[in-house]
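Colleague: Starting off with a structure, shown below.
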Amino acid sequence: MNKGFTLMELLAVIVLLILVSMIIFPGVNNIIKESKNTVYKTQVNSILKATYDFTLKHPEYLGNLNEISYITLSRLKVEGLIDAKIINPNTYLEYPDNLVISISNVGSNYKRKNSNSYYTGDYLYELESDRLVNVVNSPNISITGNNINNNLYLLDLEEEFIEPEVSAVDYNLEDITSNITKIIYNDKDNVVDSINNTKFGSYKIKYVVLDEYGNSGMEVLNVIVGDDEAPTISFPSNNEIDITTTSYDLYSGVTCTDNSGYCTISYTGDIAFGVKGSNVIEYTAVDYSGNTYTKKRVITVK
C-alpha cells in the first residue's frame with residue numbers, strides 16, 4: 001500500500017515550487033517585456049520612416065527653421081506608406097488614425113535621439129504618443145484673386161501687388177481665417193517683409209493655419225515680378241558649313257537678351273551632315289517672366 005505525502009513534505013514541495021518560480025518568472029517576464037519594447041520601437045520607427053517618405057513626396061509640408069507641422073497616421077495610410085492596421089504591443093490596441101507625428105525644423109545641430117524620434121538633415125520627425133487630436137482632416141486654405149492662376153501670381157514691374165483673398169475652414173467647415181499666418185520668402189529663401197515690385201524677382205508666400213486641435217493646413221502662392229516684353233535672339237553671321245563637317249554646336253554664337261537680365265535658349269531641328277542643302281533650325285528664348293520669342297535660322301551645307 002502506497003503511503004501519501006505527509007503535511008511537512010507537501011509544505012516542502014510548495015516552498016520549493018515558490019522558490020523556483022521566484023527565480024524563473026522574473027526572467028521570463030523580462031524577456032516578454034523586452035520583446036514588446038523591441039516590437040514597439042520597430043513600429044514607431046516604421047511610422048516615423050513613413051512620415052519621412054511622405055515629406056519626400058510632399059516637401060511643401062516641411063516648415064522653415066523653428067516651424068512645426070503635423071501629420072496624422074490616417075494621412076500616411078491614405079498615401080499607402082504604412083499598414084492599415086497596427087497594434088501597439090504594450091496596450092494590445094490599434095494605433096488610432098488621429099495619432100500625430102510632428103515635423104520640426106530644428107537645424108543640423110540637433111543631437112538627441114530616442115525611440116520616438118527620427119532625425120534626418122535639418123528635420124526631426126517625432127511621434128507624439130501622448131497627443132491625440134480629435135479629428136483627422138487638416139484645415140483647408142483657399143487662395144483666390146484676378147491675377148492668380150494655379151497659385152501663381154504674375155506681377156508686372158511697378159505694378160501694385162494686390163493681396164489675394166485667403167480663407168480657411170476646419171473639418172466642420174467653420175471659418176478659421178483669422179488663424180492664418182503669412183510668411184514671405186524671396187528667391188534666396190530668406191524671409192522678407194514685402195514684395196519688391198521695382199525689380200525682377202520671384203517670391204513664395206506661405207499661408208499656414210492651425211485649427212483648435214493643432215491640425216495644420218498650408219498653401220503656397222508663387223509670385224513672379226516681371227513684364228510682358230519678350231526676349232530677343234541673335235545669330236552668328238556665318239551660317240554655312242562645309243560638306244565634310246560631321247559635328248556642329250548649334251548653340252555656338254547664339255545669344256538671347258532680355259531686360260530682366262535672364263533668359264534661356266532651346267532649339268528644334270538638326271543638320272543633315274554630308275548632304276548639300278539648307279537646314280532650318282528653330283530657336284526659342286524664354287525670359288524670367290515666362291515670355292517667349294521664336295526665331296528661325298537657316299544653316300547651309302555647301
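The values are calculated or read from the model by the stated rules, or taken from the named source; none is laboratory data. Given the structure is predicted, the values throughout are model-derived calculations rather than measurements. Using ideal geometry, Cβ is built from the backbone for each residue, glycine included, and neighbour counts are taken over all protein chains shown. Calculation scope for accessible area: heavy atoms of the full protein, side chains included, ligands and nucleic acids excluded. Shrake-Rupley method; radii C 1.70, N 1.55, O 1.52, S 1.80 Å.
Colleague: Within segment 109-117, is there a residue that is under 26 Å from ASN215 (Cβ atoms), in contact with a strand residue (DSSP E or B) (Cβ under 9 Å, 6 or more places away or on another chain), modelled with pLDDT of 70 or more and not in a loop (DSSP other than H, G, I, E, B)?
Modeller: yes
Colleague: Something else about it: Can you tell me which residues in segment 145-159 are part of a strand (DSSP E or B) and either surrounded by 17 or more Cβ atoms within 10 Å (Cβ to Cβ) or not aliphatic (A, V, I, L, M) (or both)? Walk me through how you get there before you give the answer.
Modeller: Here is the first cut: in segment 145-159, the residues part of a strand (DSSP E or B) are 148-149, 152-156.
Correct list: ILE148, ASN149, TYR153, LEU154, LEU155, ASP156.
Colleague: If we keep just the residues of segment 179-206 that are under 24 Å from the mean Cα position of the chain (by Cα) and among the charged types (D, E, K, R), which is surrounded by the most Cβ atoms within 10 Å (Cβ to Cβ)? Lay out the reasoning, then the answer.
Modeller: First pass over segment 179-206, keeping only residues under 24 Å from the mean Cα position of the chain (by Cα): 179-192, 201-206.
Those still in the list that are among the charged types (D, E, K, R) too: 182, 187-189, 204, 206.
Working: LYS182: 11, ASP187: 11, LYS188: 7, ASP189: 8, LYS204: 16, LYS206: 18.
The residue in question is LYS206.
Colleague: If I ask for residues that are among the charged types (D, E, K, R) and buried (at least 16 other Cβ atoms within 10 Å of the Cβ), which ones from segment 217-247 would you list? Give the steps one after another, and end with the answer.
Modeller: Quick first cut of segment 217-247, residues among the charged types (D, E, K, R) only: 219, 227-229, 240, 242.
Across segment 217-247, the qualifying residues are GLU219, ASP227.
Colleague: Select from segment 128-144 the residues that are open to solvent by less than 60 Å² (accessible area, probe 1.4 Å), modelled with pLDDT of 75 or more and within 18 Å of the chain's Cα centre (by Cα) and list them in ascending order.
Modeller: From segment 128-144, those open to solvent by less than 60 Å² (accessible area, probe 1.4 Å) are 128-129, 133, 135-136, 138-139, 141-143; that's our starting set.
Still in the list and also modelled with pLDDT of 75 or more: 139, 141-143.
Passing the criteria: PRO139, ILE141.
Colleague: Give me the residue from segment 248-284 that is open to solvent by less than 40 Å² (accessible area, probe 1.4 Å) and under 11 Å from THR300 (Cβ atoms) and, out of that set, nearest to the chain's Cα centre (by Cα).
Modeller: Going through the qualifying residues, I end up with ILE271.
Colleague: Out of the residues in segment 255-302 that are of a type in the set (Asp, Glu) and assigned to a loop (DSSP other than H, G, I, E, B), state the one that is farthest from ASN222 (Cα to Cα). So that I can check it myself, show each step before the final result.
Modeller: As a first pass, look at segment 255-302 and keep what is of a type in the set (Asp, Glu): 258, 270, 282, 287.
Cutting the leftovers down to assigned to a loop (DSSP other than H, G, I, E, B) gives us 258, 270.
Details: ASP258: 22, ASP270: 36 Å.
This residue is ASP270.
Colleague: Name the residue that is least open to solvent (accessible area, probe 1.4 Å), counting only residues in segment 160-178 that are at pLDDT 90 or above, out of contact with any helix residue (DSSP H, G or I) (no Cβ under 6 Å at 6 or more places or on another chain) and polar (S, T, N, Q).
Modeller: THR177
Colleague: Taking the condition of being in a helix (DSSP H, G or I), open to solvent by 20 Å² or more (accessible area, probe 1.4 Å) and either modelled with pLDDT under 80 or of a type in the set (Val, Ile, Thr) (or both), how many residues in segment 45-100 meet it? Can you show your working first?
Modeller: Taking segment 45-100 first, the residues in a helix (DSSP H, G or I) are 45-57, 59-61, 73-78.
Next cut, open to solvent by 20 Å² or more (accessible area, probe 1.4 Å) only: 45-46, 49, 52-53, 56-57, 59-61, 74-75, 77-78.
Checking the rest, the ones that are also either modelled with pLDDT under 80 or of a type in the set (Val, Ile, Thr) (or both) come to 60-61, 74-75, 78.
The total comes to 5.
Colleague: Taking the condition without any contact (Cβ under 8 Å) to a residue 60 or more places away in the chain, touching a strand residue (DSSP E or B) at 6+ places or on another chain (Cβ under 6 Å) and part of a loop (DSSP other than H, G, I, E, B), does ASN197 pass?
Modeller: Taking the combined requirement at face value, the residue satisfies it.
Colleague: Need pairs with beta-carbon distance below 7 Å; first residue touching a residue at least 40 places away in the same chain (Cβ under 8 Å) and within 29 Å of ASN222 (Cβ to Cβ) and within segment 45-64, second in a helix (DSSP H, G or I) and open to solvent by 40 Å² or more (accessible area, probe 1.4 Å); sequence gap 6+ or separate chains.
Modeller: THR55/TYR61
Colleague: State which residue is nearest to TYR185 (Cα to Cα) when the search covers only segment 207-253 and only residues that are in contact (Cβ under 8 Å) with a residue 60 or more places away in the chain and among the aromatic types (Phe, Trp, Tyr).
Modeller: TYR207
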